[in-house]
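Taken together, the values in this text are just the output of simple stated rules run on the coordinates, not laboratory data. Just so it is clear, the model here is predicted, and its values are computed rather than measured. Every residue, glycine among them, receives a Cβ derived from its backbone with ideal geometry; neighbour counts consider all protein chains shown.
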């Protein structure tokens, strides 16, 4: 596909995605995406995002927990 921001072509890759669901932040590894090789913009198919939501709604293995700081500007 063509990147909406810079017009370059994207390449299918598996990436790390930050994902919010029910006011909780998750980091999901190995998520399929189209990634622009010029500017780095990432595109996720709606089905992929639905699959991520479904995964997080059910029981899922947690490989690691991270502490995240929240700062107001």
Query raised in the report: Of the residues that make up the stretch 51-72, is at least one surrounded by 13 or more Cβ atoms within 10 Å (Cβ to Cβ), touching a strand residue (DSSP E or B) at 6+ places or on another chain (Cβ under 9 Å) and part of a strand (DSSP E or B)?
Result: no
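From the list 31, 15, which residue is surrounded by 11 or more Cβ atoms within 10 Å (Cβ to Cβ), in contact (Cβ under 8 Å) with a residue 12 or more places away in the chain, assigned to a strand (DSSP E or B) and touching a helix residue (DSSP H, G or I) at 6+ places or on another chain (Cβ under 7 Å)? Walk me through it before giving the result.
Working: 15 fails: touching a helix residue (DSSP H, G or I) at 6+ places or on another chain (Cβ under 7 Å).
Sole residue among the options that is surrounded by 11 or more Cβ atoms within 10 Å (Cβ to Cβ), in contact (Cβ under 8 Å) with a residue 12 or more places away in the chain, assigned to a strand (DSSP E or B) and touching a helix residue (DSSP H, G or I) at 6+ places or on another chain (Cβ under 7 Å): 31.
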